[in-house]
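Heads up, the thing below is written out as C-alpha cells.
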Amino acid sequence: GENVEQHPSTLSVQEGDSAVIKCTYSDSASNYFPWYKQELGKGPQLIIDIRSNVGEKKDQRIAVTLNKTAKHFSLHITETQPEDSAVYFCAASRGSQGNLIFGKGTKLSVKP
Amino acid sequence: GAVVSQHPSWVICKSGTSVKIECRSLDFQATTMFWYRQFPKQSLMLMATSNEGSKATYEQGVEKDKFLINHASLTLSTLTVTSAHPEDSSFYICSAEGQGRNTDTQYFGPGTRLTVL
C-alpha cells in the first residue's frame, strides 16, 4: 500500500524567511496530494492541494510542487509569519478510489 | 464553505460508559465521512470510512463492535465509543467529502477530545 514520508519533523525559521517541507510517496497510482495545517487542539485545515496533472500550484504565500517521476511533492511558505506556526501534514491518495495516507507531520515554528 | 462540525468538542466519562460523537457537514452533502484518531504528537490514523445508508468499513485492528459508526443522512455521521476505557482516551476527528465539491477532497471537523477516567 501507499507510504508517505515527510521531512523534516521539526522546522524553525525566522519571521519573513521561507519554509519548505518535503514529502515522498510510494504508490505511483496516487494522484491527489493535499496539505493540511493543524493548530494545537484543532482539526486539520486544508491549505492547498495539487493533482497529478499539474506540476505546481500557488495561493498567495503558499505553493506546492509535484514531481511525479521522483514521487515527491513539497510545500513552500514564503514570508513566514508567527501565525504560520503549526503542524503541517502532507497526504496522498488515489483520489476518489482511495483513502488519504498521511505523513507524520512537521512542526513549524516561526520566531518573531 | 466546506464546514464540518463536531459535537461535543470535549467529553470526560467514566470507564465502562458509552460516548457518542456527532459529525455534521454544514454546507454540503457528504457522501462519505471518515473517522480518525490522533494521539499526542502523532499523525492521524484512519479508523473507518462510512457511506450514507451503508455499513462502515473499518481499518484493520479497529474493533467495529467497540466503535459503532452510523451514517444515517448525507449530513450526519456518529461515532459511539462503547464501554470506554482509559486507553480509548484520544482526539477523535471526522472528515467529510461529497457532492458538489471535488469528491476526493476531505474537509475536517474541529475534533473531539475524549478523556476516560
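Report, by residue number, each residue of segment B:16-38 that is in a loop (DSSP other than H, G, I, E, B) and modelled with pLDDT of 95 or more.
Selection gives B:16, B:17, B:18.
Against the definition (within 19 Å of residue B:71 (Cβ to Cβ), touching a helix residue (DSSP H, G or I) at 6+ places or on another chain (Cβ under 9 Å) and in contact (Cβ under 8 Å) with a residue 24 or more places away in the chain), how does residue B:19 come out, yes or no?
Details: within 19 Å of residue B:71 (Cβ to Cβ): yes; touching a helix residue (DSSP H, G or I) at 6+ places or on another chain (Cβ under 9 Å): yes; in contact (Cβ under 8 Å) with a residue 24 or more places away in the chain: yes.
Spelling it out, residue B:19 is indeed within 19 Å of residue B:71 (Cβ to Cβ), touching a helix residue (DSSP H, G or I) at 6+ places or on another chain (Cβ under 9 Å) and in contact (Cβ under 8 Å) with a residue 24 or more places away in the chain.
For the subset of segment A:84-112 comprising residues that are assigned to a loop (DSSP other than H, G, I, E, B) and away from chain B (no Cβ under 11 Å), which member is modelled with the highest pLDDT? Walk me through it before giving the result.
We begin by selecting, within segment A:84-112, every residue assigned to a loop (DSSP other than H, G, I, E, B); these are A:85, A:94, A:98-100, A:103-105, A:112.
After this cut, where a residue has to be away from chain B (no Cβ under 11 Å) as well, the list is A:85, A:112.
Details: A:85: 98, A:112: 92.
Filtering first and then ranking leaves A:85.
Note down all Cβ pairs under 9 Å where the first residue falls in segment A:60-81 and is more than 13 Å from residue A:32 (Cα to Cα), the second is assigned to a loop (DSSP other than H, G, I, E, B) and among the acidic types (Asp, Glu), and they're at least six residues apart or on different chains.
A:61/A:79; A:78/A:17; A:79/A:15; A:79/A:17; A:80/A:15; A:80/A:17; A:81/A:15
Quick one: would you say residue B:6 is in contact (Cβ under 8 Å) with a residue 12 or more places away in the chain, in contact with a Phe, Trp or Tyr (Cβ under 6 Å, 6 or more places away or on another chain) and within 12 Å of chain A (Cβ to nearest Cβ)?
Working: in contact (Cβ under 8 Å) with a residue 12 or more places away in the chain: yes; in contact with a Phe, Trp or Tyr (Cβ under 6 Å, 6 or more places away or on another chain): no; within 12 Å of chain A (Cβ to nearest Cβ): yes.
No.
Of all residues being outside any strand (DSSP E or B) and within 30 Å of residue B:5 (Cβ to Cβ) in segment A:36-79, which is nearest to the chain's Cα centre (by Cα)? Just the residue, please. Show your work before the answer.
First, pick out the residues of segment A:36-79 that are outside any strand (DSSP E or B): A:39-44, A:52-55, A:60-61, A:68-71, A:78-79.
Imposing the further condition that a residue be within 30 Å of residue B:5 (Cβ to Cβ) reduces the set to A:39-44, A:60-61.
Details: A:39: 14, A:40: 17, A:41: 19, A:42: 17, A:43: 16, A:44: 12, A:60: 15, A:61: 14 Å.
My answer is A:44.
Which one is nearest to the other protein chains (Cβ to nearest Cβ) among residues in segment A:33-77 that are loosely packed, with under 12 Cβ neighbours inside 10 Å and under 25 Å from residue B:39 (Cβ atoms)?
For segment A:33-77, the residue satisfying everything is A:41.
The values are calculated or read from the model by the stated rules, or taken from the named source; none is laboratory data. In this text the structure is predicted, and so the values were computed from the model without any measurement. Don't worry about glycine lacking a Cβ; one is built from the backbone with ideal geometry, like all the others, and counts go over all protein chains shown.
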